[in-house]
Amino acid sequence: MPDKPKVAVLFGFGINCDRETAAVFELAGATSERVHVNHFVQGNRDLSEFHILAVPGGFSFGDHLGSGRLLGNRMRFAMREQLADFVAAGKPIIGICNGFQVLVKTGLLPGKAVPDFEQTASLTLNNSGRYEDRWVTLEFDPESPCIWTKGITRIECPVRHGEGRFVMPSTSDLDALDKNSQIVTRYVDPSTNPGEGMTDEPLPFPICPNGSVRNIAGICDPTGLVFGLMPHPEAAYATFLHPHHTRGEVNDVLMSETMQIFTNAVEYVRANL
């Protein structure tokens, strides 16, 4: 039962949110280490050294061939055994923005309880046809098995992506995801009451900034250990980071709940590993 769980925060090849991701885990009570992807690929380091894996945002490999595609393939083939062992050991993984795209393209999300590394969903171009950098409101499914989001109802945080529209091949695929409560978080209208905002009906831009099907902002695997989302909670852990913090318009409760995402994972490791 580690008092300070060790977090591996990937960096390299255009990942650029690694320092703030490492910092927020430190604030949550963990010990973070930024580890270049190649150290895992080449066998200089092994994921077994760590309790939590974070795949941060950025523009890995310049988004060539699609956001997250090349890093996803690198991990899917060169780190397959390490990743499978990590999940089998019950260790949490989070992918944020480009990291979410990477986890989807490795097949870890939506995934299976035992990973098969087959891609079954994607994150594609925003409906707006452009890169979106704005703040959004997210709400969380209380029935979700996701260990990262326990006790969280609603938060505000920024998105900054050009390919964030979540899609799957068929409606039945989405229905199965919903039935398993793997749709962890959705974009919601901030004017709705907390706990009452989630809907399958398409929300207008910019409430849903990318046109994501069923307003999906993040999903988990069936175990609830692997979690990915397009918005950036690591960029919203304190009120002063909100663009309206000097106007007296910031909901401090929503901002404080953002930090809980990282604290939940740290506390889960302390209690279970």
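Just so it is clear, none of the values below were taken in a lab; they were calculated from the coordinates. Just so we're clear, the structure is a prediction, and the values are computed from it rather than from any experiment. Ideal geometry is used to build each Cβ from the backbone, glycine not excepted, and the neighbour counts take in all protein chains shown.
Just a few scattered comments:
- Against the criterion of being outside any strand (DSSP E or B), closer than 30 Å to Pro243 by Cα and not polar (S, T, N, Q), Glu139 does not qualify.
- Single condition Trp148 does not satisfy, out of (1) more than 17 Å from the chain's Cα centre (by Cα); (2) in a helix (DSSP H, G or I): (1)
- Restricting segment 1-38 to residues that are out of contact with any Asp or Glu (no Cβ under 9 Å at 6 or more places or on another chain) and assigned to a helix (DSSP H, G or I), the residue that is nearest to Ala88 (Cα to Cα): Val37
- Residue match in segment 127-135 (condition: more than 20 Å from Cys208 (Cα to Cα), of a type outside the set (Lys, Arg) and assigned to a loop (DSSP other than H, G, I, E, B)): no
- Across segment 232-273, the qualifying residues are those that are among the charged types (D, E, K, R) and surrounded by 17 or more Cβ atoms within 10 Å (Cβ to Cβ), and the one among them that is nearest to the chain's Cα centre (by Cα) is Glu234.
- Selection from segment 180-199 of residues that are surrounded by 14 or more Cβ atoms within 10 Å (Cβ to Cβ) and either closer than 25 Å to Lys112 by Cβ or hydroxyl-bearing (Ser, Thr, Tyr) (or both): Asn180, Ser181, Gln182, Ile183, Val184, Thr185, Arg186, Tyr187, Thr192, Met198, Thr199
- Leading residue by the ranking (nearest to Arg19 (Cα to Cα)) among those in segment 93-116 that are aliphatic (A, V, I, L, M) and surrounded by 24 or more Cβ atoms within 10 Å (Cβ to Cβ): Ile96
- Screening Gly66 on (1) buried (at least 24 other Cβ atoms within 10 Å of the Cβ); (2) touching an Asp or Glu at 6+ places or on another chain (Cβ under 8 Å) shows it passes everything except condition (1).
- Single residue of segment 227-255 satisfying the filter (outside any loop (DSSP other than H, G, I, E, B) and in contact with a Phe, Trp or Tyr (Cβ under 9 Å, 6 or more places away or on another chain)) that is farthest from Arg165 (Cα to Cα): Met255
- Checking each residue in segment 80-115 for being assigned to a helix (DSSP H, G or I) and without any contact (Cβ under 8 Å) to a residue 40 or more places away in the chain picks out Arg80, Glu81, Leu83, Ala84, Asp85, Phe86, Ala88, Lys105, Thr106.
- With respect to the stated conditions, Leu123 fails to be aliphatic (A, V, I, L, M), within 28 Å of Leu273 (Cα to Cα), crowded, with 19+ Cβ neighbours inside 10 Å and touching a Lys or Arg at 6+ places or on another chain (Cβ under 9 Å).
- Near pairs, Cβ below 8 angstrom, 6+ apart or cross-chain, from segment 1-19 (without any contact (Cβ under 8 Å) to a residue 24 or more places away in the chain) to any residue that is buried (at least 16 other Cβ atoms within 10 Å of the Cβ) and not hydroxyl-bearing (Ser, Thr, Tyr): Arg19/Arg34
- Count - residues of segment 43-79 that are under 20 Å from His232 (Cα atoms) and assigned to a helix (DSSP H, G or I): 7
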